[in-house]
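The values are calculated or read from the model by the stated rules, or taken from the named source; none is laboratory data. Since the model is a prediction, treat every value here as computed from it, not as a measurement. Cβ coordinates were reconstructed from backbone atoms using ideal geometry, including for glycine residues, and neighbour counts include every protein chain displayed.
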């Protein structure tokens, strides 16, 4: 005789009768005890063996997975262990309680609870909640007498706080600031952004979202997310004025765009490593260099005192027109007290994290170049500085936790 899948007795505060759930325990009404804050409205009545199972889990009793259907469970005393095996919907255990009584024992319950609770947390993304009201006043009557009014559960597992105006009874859902009208949850979108700028290809990001976020999208959708939010963040960060050393380094390198080799120009502030320009051109003439310098001036909001470049002739003519008051030091290489090592190091970083995984850049006006600049300046800690270039330049945005989400929310607020 075998024990069938355990059931649980749940007594809700709103009813006076008990309900026996034969379904798996990851249903919303059965996430219990280990995270009681998730079910403050529930009172749970358990059998004695179920209580013992929860005590075993809360005390850290080890459950060792042998394979997907076999688990080794330490006894409550810790002096021995028992083999728990699952065959379809049936469970067996080597312990004396199951052997003599043929009932689900505490070891079976411990495995069952552990597996289903973990599945529930993973599939439902329980850490994600939308709780902030989108406004301080009711949009219908203007009253400030607003109260929380339950939750809305989205299909992707996110809990959305609902609000009610106590003056006119108007109700609404809290909005995810910066992510309004997006079908995917903010966590999945920002994970995609982070992976992309760390060098992961679009199709691998799609696979990651499917496996670990339970979000099924195409690589085209992920690319649209990236393009959408780069534009939002770019308008926000480019309006700020960084505090720079005004010693600019400039250099150019070749990149592949749809099978054609073009030139990518970079300008960077020396002390802060703040990246000022990512400019693409098909040639290296004076007009191309001037375009790169103008882009750097727009970001820096100031002209350099010193400009360090290699010996390319276009730099001298462009510097005379765009940076007439700067001291231009040409012919700088990788050796000596004055060198362009910072730019060469950034070229290596850019090609390793973005160009090679994407097999080249797709268009000359791609927002991906702006995204790489935002990621490098504001989100990626510089190893030599111990902080981001933006922080070194006095632009500390106080991004905490999920930095992508925090920056998008700041960028989405009215200015």
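Do you know which residues across region 341-355 are crowded, with 19+ Cβ neighbours inside 10 Å and either more than 15 Å from residue 276 (Cα to Cα) or at pLDDT 95 or above (or both)?
353, 354, 355
Is there any pair with a first residue in region 257-268 that is on the phi < 0 side of the Ramachandran plot and a second that is in a strand (DSSP E or B) and modelled with pLDDT under 85 whose Cβ atoms are under 7 Å apart and which are 6 or more apart or on different chains, and what are they?
That search, which allows pairs on different chains as well, returns 257/361; 262/255; 264/255.
Going through region 197-210 one residue at a time, which ones are within 14 Å of the chain's Cα centre (by Cα) and more than 17 Å from residue 184 (Cα to Cα)?
Residues satisfying the conditions are 197, 198, 200.
Looking at 215, 220, which one is outside the structural domain of residue 295 (by TED's automatic domain parsing), more than 26 Å from residue 393 (Cα to Cα), over 16 Å from the mean Cα position of the chain (by Cα) and not in a strand (DSSP E or B)?
Answer to the selection: 220.
Which one of 273, 290 is in a loop (DSSP other than H, G, I, E, B), surrounded by 14 or more Cβ atoms within 10 Å (Cβ to Cβ), touching a helix residue (DSSP H, G or I) at 6+ places or on another chain (Cβ under 6 Å) and assigned by TED's automatic domain parsing to the domain that holds residue 375?
Of 273, 290, the one residue that is in a loop (DSSP other than H, G, I, E, B), surrounded by 14 or more Cβ atoms within 10 Å (Cβ to Cβ), touching a helix residue (DSSP H, G or I) at 6+ places or on another chain (Cβ under 6 Å) and assigned by TED's automatic domain parsing to the domain that holds residue 375 is 273.
What do you reckon, is residue 244 part of a strand (DSSP E or B), farther than 27 Å from residue 190 by Cβ and modelled with pLDDT of 90 or more?
It is false that residue 244 is part of a strand (DSSP E or B), farther than 27 Å from residue 190 by Cβ and modelled with pLDDT of 90 or more.
Just one of 153, 196 is surrounded by 13 or more Cβ atoms within 10 Å (Cβ to Cβ), touching a residue at least 12 places away in the same chain (Cβ under 8 Å) and not assigned by TED's automatic domain parsing to the domain that holds residue 373; which is it?
196
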